[in-house]
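Please treat every number below as a calculation from the coordinates, not as lab data. The shown structure was predicted, so the numbers you read here are calculated from the model rather than taken from an experiment.
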Amino acid sequence: MALASYRISAPFEISGGYRDTRASSADGIQDAARYQQVSLREMYHLSRSTTLHTLQAYQHASEQTPGAPSSL
């Protein structure tokens, strides 16, 4: 997992992250599942007590998961 955060100006801050998750080869599966996720978060501080948050994320899954059919 990797995270980074940067304050662009006093009220505006962005953060980003990346996570790579791999399953172990179990139950006779040769190509174990792999999940890659990228996320981006923005924060805008309107005042000391009010902040706007937005979050975007993308996840890509590949290979096989135990118990799942190999093709659809």
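Pulled fully out, how much extra length does the chain show between Ile14 and Glu42, if you take 0.36 nm times their separation in residues and subtract their Cα-Cα distance?
9.6 nm
Is segment 1-50 rounded, prolate or oblate when judged by the Cα gyration tensor, a ≥ b ≥ c being the square roots of its eigenvalues, rounded requiring a/c under 1.5 and prolate requiring a/b larger than b/c?
prolate
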